[in-house]
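One structure below.
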Amino acid sequence: QVQLVESGGGLAQPGGSLRFSCAVSGIIFRLYLMGWYRQAPGKQRELVAAITRDGSTSYAGSVKGRFTISRDNAKNALYLQMNSLKPEDTAVYYCNARYGMNDYWGQGTQVTVSS
């Protein structure tokens, strides 16, 4: 059974930081393209950051320079460090694993950025 379990969401003030983790089981993690997506109320789900199996990263323009994605293949874990948070970062954040036709999602974790 494939499981992607996010943790680390919550409330942050503008300018603050949060760190997400995604614990993955049931797949050969090191083979997968991993990503973080988010969905704000009334908006479509969007890609925030992605990391290939060899560690190459890419970011949405709105988070570049503020967010850092990383992975630990030994621990089957994906991370997202979010700094300089803005109110517009408020959304539900999802962990995603993709390899060929396989496409798995976590349950999502809420981030609210507000003073």
Item checked: Where a residue in segment 29-49 is on the phi < 0 side of the Ramachandran plot and its partner, wherever it lies, is open to solvent by 80 Å² or more (accessible area, probe 1.4 Å) and part of a loop (DSSP other than H, G, I, E, B), with Cβ under 8 Å and at least six apart -> Arg30/Arg53; Leu31/Arg53; Tyr32/Arg53; Leu33/Arg53; Tyr37/Arg45; Arg38/Arg45; Gln39/Arg45
Note to self: Looking only at residues that are open to solvent by 50 Å² or more (accessible area, probe 1.4 Å) and within 13 Å of Cys95 (Cβ to Cβ) in segment 3-18, which one is modelled with the lowest pLDDT?
What the structure shows: Ser7
Notebook entry, point to check: Got a sec? Which strands (runs of 3 or more DSSP E) wholly within segment 30-92 have at least 2 residues that are open to solvent by 70 Å² or more (accessible area, probe 1.4 Å)?
Noted result: 46-51
Next item on the list: Inspect all residues belonging to segment 97-108 and state whether any of them is more than 25 Å from Gln3 (Cβ to Cβ) and either of a type in the set (D, E, K, R) or part of a helix (DSSP H, G or I) (or both).
Entry: no
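The values are calculated or read from the model by the stated rules, or taken from the named source; none is laboratory data. Because the structure is predicted, anything quoted here is derived from the model rather than measured. For neighbour counting, all protein chains shown are included, and Cβ atoms are generated from backbone atoms with ideal geometry for every residue, glycine included. Note: accessible area is taken over every heavy atom of the protein model, side chains too, but ligands, DNA and RNA are not part of it. Shrake-Rupley method; radii C 1.70, N 1.55, O 1.52, S 1.80 Å.
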